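In what follows, a single structure is set out as structure tokens and then discussed.
Taken together, the values in this text are just the output of simple stated rules run on the coordinates, not laboratory data. In this text the structure is predicted, and so the values were computed from the model without any measurement. In this analysis, Cβ positions are derived from the backbone assuming ideal geometry, glycine residues included, and neighbour counts consider all displayed protein chains.
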Amino acid sequence: MITGTFLDEISHDIPSANWDREAWARDFRSMRESGIDTVILIRAGYRDRCAFPSKVLQQRHGYLIVQDDLVQWFLDLAAENGMQFWFGTYDSGDHWMKGEHAAEVEVNRAFTEEFVERYGAHEAFGGWYISHEIDAFDESVMRVYEDLAAHLKSLRELPILISPYPRGAKQFDRPFTLQEHEQHWGRIFDRIQGLVDVVAFQDGQVEFSELPAYLATNARLARERGITCWSNVESFDRDVHIKFPPIAWPKLRYKIEAAREAGVDKLITFEYSHFMSPNSMFSSAHGLHRLYTAWQRGLDQA
């Protein structure tokens, strides 16, 4: 089943839940009851927004927008609920998209050092997440991955996760074939093996008919290079015109079963609180939670 979720409060396409600590505590309890043991902060900062009052980003953005110390909340709530917390890095929304890998790494060096100084000894801190998402080989981003991964390992020797995506027909006018996808990701994994420990491909960009082949290919490519393969089972729907509602239950079940058939090591989702939680702002998420929970109980009893 799904045992990990991203935490998304620093986003550019998902609305904020506007939760206080009590509301987050309620949702963490719900996650635990659903079998979640891993929570991954999708990004601790994006452009001029941050999940904690960062002095590093305050120097970069004098008007830095901070809601609360969400990182402290998430670490404490993870510990209370027996979960591991993985810290997501900063996304400038700028440098790395222009090929300026050194500038992207530089701000992240200082930012992650600040994180470790503030929170690094916390018992729930269990991994790193490099938040820069790609779909194809890109030399500049390879250097971001290489330099930043090496720096993160020097701060705390913990596993590093990435969550990329295939260049699929649901997102691109000129999607890759499966062969092109395999060629690009073979090259990428050759570069990051030994640095990145876990890959969790997003599963929503390709057609459902194509998904089993992509999942099997991803798992094989990763394992050939000693990289653990998870699947990011997206719990939002890319097939409707609204961005983005909770996914229809038959689609979610299909993707879970396809990932299990491919033999991935763990299922995570983007993301529980908005799209699968009984506490979500979306009423259809409440229905998805009921259907998923009933199915989960049925499997447990079988």
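Taking the criterion of being in a loop (DSSP other than H, G, I, E, B), more than 23 Å from Lys170 (Cα to Cα) and among the hydrophobic types (A, V, I, L, M, F, W, C), the only residue of region 217-263 that qualifies is Ile227.
The rows are residues; the columns are (1) surrounded by fewer than 20 Cβ atoms within 10 Å (Cβ to Cβ); (2) among the hydrophobic types (A, V, I, L, M, F, W, C); (3) touching a Pro at 6+ places or on another chain (Cβ under 6 Å).
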{"site": "Gly186", "(1), (2), (3)": "yes, no, no"}
{"site": "Gln202", "(1), (2), (3)": "no, no, no"}
{"site": "Glu210", "(1), (2), (3)": "yes, no, no"}
{"site": "Ala248", "(1), (2), (3)": "yes, yes, no"}
{"site": "Arg253", "(1), (2), (3)": "yes, no, no"}
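Could you list, in sequence order, all residues of region 32-47 that are over 23 Å from Asp13 (Cα atoms) and either acidic (Asp, Glu) or touching a Leu at 6+ places or on another chain (Cβ under 8 Å) (or both)? Glu33, Asp37, listed by residue number. Of a type in the set (D, E, K, R) and assigned to a strand (DSSP E or B) - does that describe any residue in region 279-298? There is no residue in region 279-298 that is of a type in the set (D, E, K, R) and assigned to a strand (DSSP E or B).
For region 258-274, a residue qualifies if it is more than 19 Å from Arg21 (Cα to Cα) and crowded, with 19+ Cβ neighbours inside 10 Å, and the qualifying residues are Ala258, Ala259, Ala262, Val264, Leu267, Ile268, Thr269, Phe270.
Scanning region 217-233 for residues that are within 16 Å of the chain's Cα centre (by Cα) and either surrounded by fewer than 19 Cβ atoms within 10 Å (Cβ to Cβ) or not small (Gly, Ala, Ser) (or both) yields Thr228, Cys229, Trp230, Asn232, Val233. Can you tell me which of Gly93, Gly45 is touching a residue at least 24 places away in the same chain (Cβ under 8 Å) and either crowded, with 16+ Cβ neighbours inside 10 Å or farther than 30 Å from Cys229 by Cα (or both)? Only one candidate passes the filter, namely Gly45.
Only one entry of Arg174, Arg187 meets the criterion of being under 25 Å from Phe244 (Cβ atoms) and either out of contact with any His (no Cβ under 8 Å at 6 or more places or on another chain) or of a type in the set (Ser, Thr, Tyr) (or both), and that entry is Arg174.
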